[in-house]
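Take a look at the structure below.
The values are calculated or read from the model by the stated rules, or taken from the named source; none is laboratory data. Given the structure is predicted, the values throughout are model-derived calculations rather than measurements. Here the Cβ is made from the backbone with ideal geometry for all residues, glycine too, and neighbour counts use every protein chain on show.
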Amino acid sequence: MATRSGDSGFVDLKNRQIKAWEVEIKLLTSTCKTLIAEVPESQTWTLLLEYPIVRRQKRIDAVVLAADVIFCLEFKTKDKAYSKNAQHQVERLTRSISATSTSKVWGAA
């Protein structure tokens, strides 16, 4: 019974994650089309999804490598408004990237 209950929770979590990804991909697709139309050089930028943070067991929903700028995107698909907690989460994740990144990680020569 415990295993079956645990599996059910995992399946529910997995389904919620898949639905969140569907929302995120739809939003990213629309936003990228608009961005490319307005900033053509953005076609050369890189988008990383579910980017793992080394040794932190965390992931960032999306990272945009735009020339010499790195954007960290953290989606909150169920939230109705921006919260301080969400803002602080992105700030912590950004600091984690800064603390663990090297030129090798980003593919620089």
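The condition of being among the small types (Gly, Ala, Ser) and under 27 Å from ARG16 (Cβ atoms) does not hold for SER42.
Can you spot a residue in segment 76-86 that is surrounded by fewer than 13 Cβ atoms within 10 Å (Cβ to Cβ) and assigned to a helix (DSSP H, G or I)?
Looking for residues that are surrounded by fewer than 13 Cβ atoms within 10 Å (Cβ to Cβ) and assigned to a helix (DSSP H, G or I), one finds at least one in segment 76-86, hence yes.
Each residue in segment 45-81 was checked for being of a type in the set (S, T, N, Q) and free of Cβ contacts under 8 Å to residues at least 12 places away in the same chain, and 1 pass. No other residue among VAL90, VAL23, VAL64 is surrounded by 10 or more Cβ atoms within 10 Å (Cβ to Cβ), part of a helix (DSSP H, G or I) and at pLDDT 80 or above apart from VAL23.
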